[in-house]
Each structure stands twice: as structure tokens, then as C-alpha cells.
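Report on one structure; see the data block that follows.
Values quoted throughout were computed directly from the atomic coordinates according to the rules given, and no laboratory measurement underlies them. For clarity, every value in this text was computed on a predicted model and none was experimentally measured. Every residue, glycine as well, gets a Cβ built from its backbone with ideal geometry; the counts of neighbours run over all protein chains shown.
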Amino acid sequence: MIKVKSPRDFGAGLLFIVIGLGGFWFGRNLSVGVASRMGPGYFPMLLSGLIVAMGLLVAIKSLVFDGPSIEKPQFRPLFFVMLSMLSFGYLIERIGLALSVVTMIIIATFARRAKFKAIETIALAVGLAVFAVFVFIYGLGQSLPAWWGK
């Protein structure tokens, strides 16, 4: 009988295998070609194979080395991170990149259980907003509104 010594690694390995097999499934109709004449399915198939191989290695490792058990799911972080991403997607066209980033960071901060630190959160949010505006709008020339009404 095979004994799983690290349930968390075993679960992660199975997840990688499922994702890799999904990549094979969705890319099954793409022509692969060869290394010198790559088809549109060459890279997805190669990447899917690497993901499956990594999943097998992680799953096999879980049978050899001891590791932590699987924790019960925590829904608070999942909820606030998803809410922050949805708010960013909804607000970016309406209030611009800078304020959308600030809103996203403030909402995502509630995902952690630690006490809310206003100064730390606002400093991070403003810094990331300025960085995003400079990189995406001025650096890369993306046609995103920096502020509302622009």
C-alpha cells in the first residue's frame, strides 16, 4: 500500500497534472509541427507536457518526504482578492487606472486577518498607482485613462 506522506504536495501535484492534461485537451486540434517549423500547437503542447511532468514530480515527492496536511479552505482572502480584481475591471474605464489601482489595493488589504493599517495601505496603494501609470500609460503607451474623464 502506498502512503502519502505530504497530502498538500500530493494535491498540488494532482492539480498540476489536471491543468496540464487540460492544456493537451484544449490544444488537441492545433497542428504541432516540429522544432524547425513550429505550428500553433507546438508551444502549448510543450508547456502542457512540462506542467504534467512537474505535477508527476511533486506527486512522487509527496510519497517520499513528510509534509504538512491540507488546511481547511479560508474564504475571506478568496472573497476580498476576487472582489478587488472585479472592482478594478469594473472601475478602470470609469475612474481611470490610478484610482482603480488604489481601490483594488484597499479592498485586497481586507483579505488578511491582521489589523488594517491605514498609512501603510494608502502608501502602498499610491505607490503602486503611480508606478502603474508611469509603466503602462507613459512607458508602454497603453490607451488607458489615467484619471476619470480623460
### Message
Helix check for the chain. Which DSSP H runs span at least 30 Å along their own axis by Cα, with a mean Kyte-Doolittle hydropathy no less than 0.0?
### Response
42-64
### Task
Evaluate the Debye formula for the chain with equal point scatterers sitting on the alpha carbons, no solvent, and hand back log10 of I(q)/I(0) at q = 0.09, 0.17 Å⁻¹, in q order, two decimals.
-0.54, -0.97
### Message
Suppose only helical runs count, i.e. DSSP H with n ≥ 4. What mean residue ellipticity at 222 nm does that imply for the chain under -39500 (n - 2.57) per run, divided by all residues and rounded to the nearest 500 deg cm²/dmol?
### Response
-22000 deg cm²/dmol
### Summary
In order over the stretch 27-34: 3J(HN,Hα) from phi, Karplus 6.51/-1.76/1.60, θ = phi - 60°, whole Hz, x for each Gly or Pro, gives x, 5, 8, 8, 6, 8, x, 10
### Message
Taking 20 °C and 1.002 mPa s as the conditions, I'd like the Stokes-Einstein D for the stretch 75-139 in µm²/s, using the Kirkwood hydrodynamic radius from alpha carbon pairs.
### Response
178 µm²/s
### Task
Taking the Cβ of each residue in ASP66, ASP9 as the centre, tally the other Cβ atoms inside 10 Å and list the residues starting with the fewest.
ASP66, ASP9
#### Entry: Relative contact order of the stretch 7-64, defined on C-alpha pairs under 8 angstrom at six or more residues apart (%)
52 percent
### Message
Given all pairs of different Cα atoms, what value in angstroms does the Kirkwood hydrodynamic radius of the stretch 49-106 take?
### Response
14.8 Å
### Task
Would you mind counting up the charge near GLN74? Only other residues with Cβ under 12 Å from its Cβ, with Lys and Arg at +1 and Asp and Glu at -1.
+3
### From phi via Karplus (6.51, -1.76, 1.60), per-residue ³J(HN,Hα) for the stretch 110-117 in Hz, x at Gly/Pro
6, 5, 8, 7, 5, 4, 5, 10
### Length-normalised contact order of the chain in % [C-alpha pairs under 8 Å, at least 6 apart]
23 percent
### Task
Note down the relative contact order for the stretch 75-139 as a percent, whole number, built from C-alpha pairs under 8 angstrom at least six residues apart.
36 percent
### Query
With the calculation restricted to Cα positions, what are the radius of gyration and Dmax of the stretch 10-72 in angstrom?
14.7, 48
### Task
Give the calculated FRET efficiency between TRP147 and LEU86 to the nearest 0.05, with a Förster radius of 25 Å applied to their Cβ-Cβ distance.
0.75
### Message
Test of understanding: what is the full-extension gain from LEU140 to ARG113, defined as 0.36 nm times their sequence separation minus their Cα-Cα distance?
### Response
6.1 nm
